[in-house]
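J.: Before I ask anything, here is the structure I am working with.
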Amino acid sequence: MKHILPIAILALVLLSCKQEAKQTEETTEATTMKSEEIAYASFGKEINDADALPAKRMAEHYANMTVGDSVNAKMTAKVDEVCQAKGCWMKVDLENGQQVMVKFKDYGFFMPKDIAGKEVVINGKAFVNEVPVDEQRHYAEDAGASEEEIAKITEPKKTFSFEADGVLLKEE
């Protein structure tokens, strides 16, 4: 009779420890499923996607900038166009009907030419500038525009620009 009480207490302690361990395993499994990592192909400087602003939020920053202003930034956006000559620039969508012209720092890297519609994370310097007519025509030619479209470019244009030192391309 003396031994029954300690055995019962020991059995209760062991059972409660097993239930706690089981709950911890379930919590860990749920956390792992929620924090599933996104796979990216990396170009240029090694970066990560932490703290990247969505394109819509970055559009608000650009709206408050004037020609000559610049800010260090990291943003996530969808690619609209890529240079078809060698991938030396791309245009990304700001989700408000406007685009950002992205060039790569010191022409240190290029992007694949077939990534239109894919999501990227770009890191570097965002700025507003005025693009001269000859440069606009050059970009139009790289994008495969017709002679007529190129001839319609007759005035400098204020553009949202980005000099990227690193890019992550979301892999599907």
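J.: Determine whether Glu60 is acidic (Asp, Glu) and part of a helix (DSSP H, G or I).
T.: yes
J.: To continue, here is another question. Every residue in segment 152-172 that is among the polar types (S, T, N, Q), more than 15 Å from Val71 (Cβ to Cβ) and assigned to a strand (DSSP E or B), please.
T.: Within segment 152-172, Thr159 is the sole residue that qualifies.
J.: From the list Glu95, Glu130, exactly one residue is in the same structural domain as Asp51 (by TED's automatic domain parsing), in contact with a strand residue (DSSP E or B) (Cβ under 9 Å, 6 or more places away or on another chain), closer than 23 Å to Lys152 by Cα and among the acidic types (Asp, Glu). Which is it?
T.: It is Glu130.
J.: Across segment 22-54, what is the total count of residues that are at pLDDT below 85 and of a type outside the set (Gly, Ala, Ser)?
T.: 15
J.: Take segment 94-115 and flag every residue that is within 25 Å of Ala63 (Cβ to Cβ) and of a type in the set (A, V, I, L, M, F, W, C).
T.: Leu94, Val100, Met101, Val102, Phe104
J.: Which of (1) without any contact (Cβ under 8 Å) to a residue 60 or more places away in the chain; (2) among the β-branched types (Val, Ile, Thr); (3) farther than 24 Å from Glu46 by Cα is the odd one out, the single condition Val128 does not satisfy?
T.: So Val128 meets the others, but not (1).
J.: Being assigned to a loop (DSSP other than H, G, I, E, B), surrounded by fewer than 17 Cβ atoms within 10 Å (Cβ to Cβ) and of a type in the set (A, V, I, L, M) is the filter here, so list the residues in segment 85-142 that pass it.
T.: Ala85, Ala116
The values are calculated or read from the model by the stated rules, or taken from the named source; none is laboratory data. Every value quoted in this text rests on a predicted model; they were computed, and no experiment measured them. When we count neighbours, we look across all protein chains shown, and the Cβ atoms used for this are built from the backbone with ideal geometry, even at glycine.
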